[in-house]
Amino acid sequence: MWTRFLPAGQVVVREGDSGSSMFVILEGKVAVCREPTHRREARMLAMLTAGDFFGELALMTHCPRMASVVTVERTVVRELSLNGLAVAGARHGVEAPVVAMRCRERLLADALRCSPLLSGLSPGLWAQLGGALEPYSVGVGETLLTRGVPGDALYVLLRGRCGVFHTHGDGRITAYPDMTEGDIFGEVSLLRGRLATATVTARTACTMLRLDQTVFRKLFWGQAEIRRALVSLGLERMHRTMGVISNSEE
């Protein structure tokens, strides 16, 4: 547990970095921002002031930092490790259950912002589905789905990039468009219990939400709304896949 006195313009955490601590603002103000990439402009997500906290996602889920935080004015923060949260969190109103709840709320809000499919669900169904989605992270090179092997979950990619490819019988490899923020995959095995139609691996460290197939079948199998949405997604991806394969064989 450390107290830090920061000048205006100081980067406290940077998007994409690893982190093992969170921060409580004692005085001052910070801006929470998304870093610019070749596909998007920089964007401010929120302004936080005294009493607010940030950085809990990396602490609780071991995911990379999901946004950058920069001081707007002279700011004093208390930095807490996981042990510090357990020992002194209550003093700042950030006991572990509160932090875990806020962590889930922020992840689900991020999923709604970046996924057209999820944002189109009715509020009641989204409330049920959100309670079943679990934070999940993988490192560079880890495999999430393997072509020809049954998948066991649905994934919502929140941060990072995943490569998708098809290996032909003669050993040739056809690459599909990468999965990026907001993409959902694994729906074919989830709905139909079929073998994965492509291999998906993490090109970068990735943060996502995961819905276990057993949970889906127990709680959501009879939900026509979500089944229609996933079937539509699967058909759209199948047509895109067939187009990529056809072009690769010309």
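A short reminder: the numbers here are calculations on the coordinates, not readings from a lab. Because the structure is predicted, anything quoted here is derived from the model rather than measured. For neighbour counting, all protein chains shown are included, and Cβ atoms are generated from backbone atoms with ideal geometry for every residue, glycine included.
Highest mobility in the GNM of the chain, judged by mean-square fluctuation with C-alpha springs under 10 Å and restricted to VAL70, VAL149, VAL94, is found for VAL149.
Find how much the distance from THR180 to PHE165 grows on full extension, using 0.36 nm per residue of separation minus their present alpha carbon separation; answer in nm with one decimal. Intermediate results must be reported in sequence, preceding the final value.
Working: separation 15, 0.36 × 15 = 5.40 nm, distance 1.44 nm.
That pair, THR180 and PHE165, stretches by 4.0 nm at full extension.
For the chain, the longest principal axis of the C-alpha atoms and the axis of helix 123-132 are separated by about 80°. Proximity of backbone amide H atoms, modeled 1.01 Å from N, is registered between GLU35 and SER68 at under 5 Å, excluding neighbours fewer than 5 places apart on the same chain. Helix 224-249 and the longest principal axis of the C-alpha atoms of the chain enclose an angle of approximately 70°. Considering only LEU108, LEU190, LEU48, the mean-square fluctuation computed in a Gaussian network model of the chain, springs between alpha carbons under 10 angstrom, is largest for LEU48.
Taking label positions 7 Å along the Cα-Cβ direction at both LEU235 and ARG203, the computed distance is 2.9 nm, reported to one decimal. Only Lys, Arg, Asp and Glu carry charge here, each on its Cβ (+1 for the first two, -1 for the last two); on that basis the stretch 65-214 has a dipole of about 180 debye about its Cα centre. Distant-in-sequence amide contacts of ALA46, defined by a placed amide H-H separation under 5 Å and a gap of 5 or more residues or a different chain, comprise VAL32.
Based on the mean of other Cβ atoms within 10 Å per residue, sort peptides 113-119, 157-163, 210-216 so the most packed one is first. Let's see the in-between values first.
Details: 113-119: 15.9, 157-163: 22.3, 210-216: 17.4.
For the peptides 113-119, 157-163, 210-216, the packing ranking is 157-163, 210-216, 113-119.
Backbone amide hydrogens, once placed in the peptide plane, bring LEU144 within less than 5 Å of VAL200, THR201, ALA202, excluding anything fewer than 5 places away on its chain.
Using the Cα centre as the reference, give the magnitude of the dipole from point charges on the C-beta atoms of the chain (Lys, Arg: +1; Asp, Glu: -1; all else neutral), rounded to the nearest 20 debye.
Values: 29 positive and 25 negative charges, 40 e Å.
With Lys and Arg at +1 and Asp and Glu at -1, about 200 debye.
For the stretch 201-217, 3J(HN,Hα) computed residue by residue from phi via the Karplus equation (6.51, -1.76, 1.60; θ = phi - 60°) reads 10, 7, 7, 9, 4, 10, 10, 8, 10, 10, 10, 5, 4, 4, 5, 4, 5 Hz, glycine and proline entered as x.
For the chain, a Gaussian network of Cα nodes joined below 10 Å ranks ARG203, ARG104, ARG91 by mean-square fluctuation, and the top entry is ARG91.
For the chain, count all C-alpha to C-alpha pairs, find those more than 26 Å apart, and express that count as a whole percent of the total.
Numbers: 14339 of 31125 pairs.
Counting pairs separated by more than 26 Å, the tail of P(r) holds 46 percent.
Orientation-averaged projection of the stretch 1-129 equals 8.5 nm² [convex hull of Cα atoms, one quarter of hull surface area]. Helical runs assigned H by DSSP (4 residues or longer) give the chain a calculated mean residue ellipticity at 222 nm of -10000 deg cm²/dmol, each run adding -39500 (n - 2.57) before division by the residue total. Electrostatic bookkeeping for LEU195 treats Lys and Arg as +1 and Asp and Glu as -1; over the other residues with beta carbon under 13 Å from its beta carbon, the sum is +2.
A full extension of the chain between ILE173 and LEU125 corresponds to an added length of 13.4 nm, given 0.36 nm per residue minus the alpha carbon distance.
Can you compute the charge dipole magnitude of the stretch 149-214 about its Cα centre, using +1 on each Lys and Arg Cβ and -1 on each Asp and Glu Cβ, nothing else charged? Give it in debye, rounded to the nearest 20. The partial results should precede the final answer.
On the way: 7 positive and 7 negative charges, 15 e Å.
Its charge dipole is roughly 80 debye.
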